[in-house]
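Below is one structure, written out as structure tokens; the observations come after it.
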Amino acid sequence: MTQLTILRYPDPRLHTLAKPVATVDARLRKLAGDMFETMYEAEGIGLAATQVNVHERLIVIDVSESRDQPLVLINPEILWASAETRIGDEGCLSVPGIYDGVERSTSVKVQALDLDGKLQVHAAEGMLAVCIQHEMDHLIGKVFVEYLSPLKRNRIKTKMLKQKKTKSASP
Ligand code: GNR
Ligand code: NI
């Protein structure tokens, strides 16, 4: 297993459009395993391949308290999203320390391949529905701060760039 490096906003690579996964093979299973290790270590509830600089449609998720309900979504597509929405605070491993409200559908139906290459349909609500929508945005190069006002987004950008400077300057 290998810890992967998570790209930090405003890294332009976070805005890359991911390509569909061509084949579900050993390489992909290894990548999914490494993404779970990286996500659990960072105490996140989801991670999109985009965030580890792999531009393929692959997401790993675990929204359970007990951290023992891993879910892999390969080539995910939203089949249905509820008209009912809710504004909830979101965070992102690529934008550490920032939390703000984002409006999302409260429930979604999504189809995706699993690690056996089988097509599965998932009905999701609550935190899982939010997480799926957040991760699928990453695959199209979208970070949640893009839903915030330009003023907030620019403040976040400046804060992140300052943190980066301090980090590279520290001994
Ligand atoms: O760990 C995460 N928590 C979270 C909280 C609210 C809404 C979305 C998320 S996803 C985030 C992990 C992450 O950045 N995934 O891309
Ligand atoms: Ni994120």
Got a sec? Which of G33, G44, G88, G101 is under 18 Å from L14 (Cα atoms) and either without any contact (Cβ under 8 Å) to a residue 60 or more places away in the chain or not in a strand (DSSP E or B) (or both)? G44
Selection from the stretch 113-125 of residues open to solvent by less than 70 Å² (accessible area, probe 1.4 Å) and touching a residue at least 40 places away in the same chain (Cβ under 8 Å) yields L113, D114, L115, G117, H122
Failed criterion for I59 (all others in (1) surrounded by fewer than 17 Cβ atoms within 10 Å (Cβ to Cβ); (2) under 17 Å from I132 (Cα atoms) hold): (1)
If the requirement is being more than 11 Å from ligand 1 (Cβ to nearest atom), farther than 25 Å from A26 by Cα, exposed (fewer than 13 other Cβ atoms within 10 Å of the Cβ) and of a type in the set (D, E, K, R), which of these qualifies: K157, K162? K162
Within the stretch 143-153, which residues are closer than 22 Å to A83 by Cα and either free of Cβ contacts under 8 Å to residues at least 24 places away in the same chain or among the hydroxyl-bearing types (S, T, Y) (or both)? E146, Y147
Meets criteria (more than 17 Å from V108 (Cβ to Cβ), within 13 Å of ligand 2 (Cβ to nearest atom) and either in contact (Cβ under 8 Å) with a residue 24 or more places away in the chain or of a type outside the set (V, I, T) (or both)) for V130: no
Boolean, D137 is within 12 Å of ligand 1 (Cβ to nearest atom), among the acidic types (D, E) and either assigned to a helix (DSSP H, G or I) or out of contact with any strand residue (DSSP E or B) (no Cβ under 7 Å at 6 or more places or on another chain) (or both): yes
Of these, L79, L128, L151, which one is at pLDDT 95 or above, in a helix (DSSP H, G or I) and open to solvent by 50 Å² or more (accessible area, probe 1.4 Å)? L151
Quick check on my filter: what residues within the stretch 47-101 are hydroxyl-bearing (S, T, Y) and within 14 Å of ligand 2 (Cβ to nearest atom)? T50, S94, Y99
With the requirement that a residue be charged (D, E, K, R) and either free of Cβ contacts under 8 Å to residues at least 60 places away in the same chain or within 11 Å of ligand 1 (Cβ to nearest atom) (or both), what does the stretch 47-73 give you? E56, D62, E65, R67, D68
Filtering the stretch 47-76 down to residues that are outside any loop (DSSP other than H, G, I, E, B) and over 22 Å from S107 (Cα atoms) yields A49, T50, Q51, V52, E56
Could you list, in sequence order, all residues of the stretch 1-43 that are open to solvent by 30 Å² or more (accessible area, probe 1.4 Å) and among the polar types (S, T, N, Q)? T2, Q3, T5, T16, T23
Here are G46, G88, G101: which of them is buried (at least 20 other Cβ atoms within 10 Å of the Cβ) and under 20 Å from E125 (Cβ atoms)? G46
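The values are calculated or read from the model by the stated rules, or taken from the named source; none is laboratory data. Note that this is a predicted model, so its numbers are computed, not measured. Counting neighbours? That spans all protein chains shown, and the Cβs are built from the backbone with ideal geometry, glycine included. When the accessible area is computed, the model is the full protein with side chains, heavy atoms only, and any ligands, DNA or RNA have been set aside. Shrake-Rupley method; radii C 1.70, N 1.55, O 1.52, S 1.80 Å.
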